[in-house]
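Right, I'll just put the structure down here and ask away after.
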Amino acid sequence: MALVMAMDYERYILETLLDKYERSALARGKGGNRRIWFHFEPRTMPRYFDDTTVRYKEEINGAALALERRGLIEIRWVKFEENNLIEKVALNTDHLNEAYARLKRRPRAEQFQELARLARHYARGAAPWAQEFFHTVARRLEEGESQPYLSPADREHSEQLFMVIREISLLQEEIPRRVFSLRVLGNSKAFNNLAPTVARIVRDFHPDWGKDGGGKETTLTAAEVNQVLAEVGVVDNPQHIFISGGLEFAVEGRTLQVGDFSPDLGLPAEMVDRLTVKNVAADYIITIENLTPFYQFVKTCRDKFLAIYLGGYHNTVRRRFLSKLREYLAGTGRAVPFYHWGDIDYGGFSIFVHLHKRCLPGLKPLYMDVPTLEQYRRFTSPFTPAYGRRLRSLLEDPDYRLFHPVIQKMLQEGLRLEQECVEPPSTLYEPGERKV
């Protein structure tokens, strides 16, 4: 048993020193004559300081002495306590190969170089934004920098991630998550473990995200992960675009009136590219973030409208549909306004900005202002300091200037408002106007 424990301590000491070495400038050819030390302290080696028994100290001393005899480390003893108390040990960088061999561990530099080659391989044929990701990762790995997206020691995990990014970048239509996972990874559930990292990469490199706010955060909520993945076409289930109101369109020679369907019509995602807009019989078009308010609106409002349920961020399919509406109206010369109604919170503002920048430059917010927040104050919810910091960051972004007044109010009061709490009127009024 003592021999096993000694081997455990040898591994622990050597692993700790190699970890410190690989994080140091020395591993990148810098640092001059600096040495890599492991200080024995109660925090780093608690058993060594166990005053109830000398057993652990003796075993650890034995492990350190064995490593020193092999030329892998140098021991520095506490003054006047030689062969009794170790102050610290240093890695012998002249025998790094032997140290790695003893642990059957690959040097991190080798792992990084292999992953860099793999990244450049998967860059071939990928979409431009994915190529940027692959080349950025490869360059940093070649320079010896760690990567927030990868686990260099887990080659299989990294290669799966690379495969997923390349295939996602090439998607032309929506695909259910489990089907995508099965096609790319051979297992319908394998993608789930990669999804948060994939979403971060999309957020950081895809041109439809960039500086929309998400890229400033190091983590994403589960809902945000789903929204980002939907943007690039990976969805939980086959998606429909729910619409209600004055729209006439044709598909393969057949003409449909959306108004003939009550309360709404669900367009399959694959139908969007095949439809042709024939007429928009509406005074305005409104996109709505959440499903319950969408149905509240279409059942309450008596205006001539065209309402579209977004379900969070508009993805590629919804963007193509909205673009078809915009292009049709531009061709007719009609000035039909576009509105968006969403939550009065970080996500709601981000969705509006995303929609405004990527698809609808003339978009106006609806029921997302200070008067609405004050009117429905009794239904508001508090938020955490961390959430407040995210919200405050939007005050520094000119893309969010429309919302700066309500954001300042939210920060003053510490409150947010979900759109389900807002009761839509029977007729639309401009943002900022109040009914008498």
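Values quoted throughout were computed directly from the atomic coordinates according to the rules given, and no laboratory measurement underlies them. The structure displayed is predicted, hence computed values, not measured ones. Cβ atoms come from the backbone with ideal geometry, glycine included; neighbour counts cover every protein chain shown.
To one decimal place, what Kirkwood hydrodynamic radius in Å is obtained for the stretch 108-235 from all pairs of distinct Cα atoms?
It is 14.7 Å.
If amide hydrogens are placed 1.01 Å from N in the peptide plane, which non-local residues have theirs closer than 5 Å to the one on S151?
Distant-sequence amide H within range of S151: S158.
Also, quick follow-up: Suppose we keep just the DSSP beta bridges with both residues in the chain; what percent of those would be antiparallel, to 5?
Around 65 percent antiparallel, to the nearest 5.
For the stretch 172-329, what does the convex hull of the Cα positions come to per residue, in cubic angstrom?
Taking only Cα atoms, the stretch 172-329 has a hull volume of 129 Å³ per residue.
Hey, another quick one. Count the net charge of all other residues whose Cβ sits under 14 Å from the Cβ of E59, scoring Lys and Arg as +1 and Asp and Glu as -1.
Surrounding charge for E59 is 0.
Okay, next question. In the stretch 240-421, what % of DSSP beta bridges are antiparallel (nearest 5)?
If we restrict to bridges inside the stretch 240-421, about 60 percent are antiparallel.
Provide Rg and Dmax in Å for the chain, with only Cα atoms included in the calculation.
Both quantities, over Cα of the chain: 29.7, 96 Å.
May I ask you to compute the full-extension gain from N83 to T255, defined as 0.36 nm times their residue separation minus their alpha-carbon distance, rounded to one decimal in nm?
Fully extending the segment from N83 to T255 adds 52.8 nm.
Now, a different point. In nanometres, what is the gap between the two model label sites at E41 and H404, each 7 Å from Cα along Cα-to-Cβ?
Modelled inter-label distance: 4.6 nm.
Another question, if that's okay. Between the stretch 269-291 and the stretch 219-242, what is the separation of their alpha carbon centroids in Å?
Result: 20 Å between the Cα centres.
Which whole-Hz couplings ³J(HN,Hα) result when phi for each residue of the stretch 34-45 is put into the Karplus expression 6.51 cos²θ - 1.76 cosθ + 1.60, θ = phi - 60°, listed in order with x for Gly and Pro?
Whole-Hz 3J(HN,Hα) from phi for the stretch 34-45: 4, 10, 9, 10, 10, 7, 7, 9, x, 6, 8, 9.
Oh, and also: What FRET efficiency do you get for A109 and Y12 if R0 is 25 Å and r is their Cβ-Cβ distance, rounded to the nearest 0.05?
Calculated value: 0.65.
If you don't mind, another one. Would you tally the net charge around S158, using a Cβ to Cβ cut-off of less than 12 Å, leaving S158 out, and scoring K and R as +1, D and E as -1?
Charge balance in the 12 Å sphere: -2.
Okay, next question. Would you pull out the residues with amide H under 5 Å of I86's amide H, same chain only if 5 or more places away, H placed 1.01 Å from N?
V78
At 0.36 nm per residue, minus the direct Cα-Cα distance, what do N237 and D283 gain on full extension? Give it in nm, one decimal, please.
Between N237 and D283, full extension yields 13.3 nm more.
Further question on the same structure: Which loop-located GluC sites (Glu not before Pro) does the stretch 229-261 contain, where loop means any DSSP state but H, G, I, E or B and the Cβ has at most 15 other Cβ atoms within 10 Å?
In loop regions of the stretch 229-261 (DSSP not H, G, I, E or B), the sparsely surrounded GluC sites (Glu not before Pro) are E252.
Per-residue ellipticity at 222 nm for the chain, helices alone: DSSP H runs ≥ 4 residues times -39500 (n - 2.57), over residue total, nearest 500 deg cm²/dmol?
Calculated at 222 nm, the ellipticity per residue is -13500 deg cm²/dmol.
Another question, then. Given R₀ = 56 Å, what would the calculated FRET efficiency be for E423 paired with R274, taking r from the Cβ atoms and rounding to 0.05?
After rounding, the FRET efficiency stands at 0.90.
Quick one: which residues, 5+ away or cross-chain, put their amide H under 5 Å from the amide H of V235? H built at 1.01 Å from N.
For V235, whose amide H was placed from the backbone, the distant partners under 5 Å are I175, R177.
Also: Among H39, H135, rank each residue by its count of other Cβ atoms within 10 Å, from fewest to most, as a rough exposure measure.
H39, H135
Treating each Cα of the stretch 240-421 as an identical point scatterer and ignoring solvent, apply the Debye formula and state log10 I(q)/I(0) at q = 0.10, 0.16 Å⁻¹.
With no solvent term, the Cα-only Debye profile gives -0.42, -0.96.
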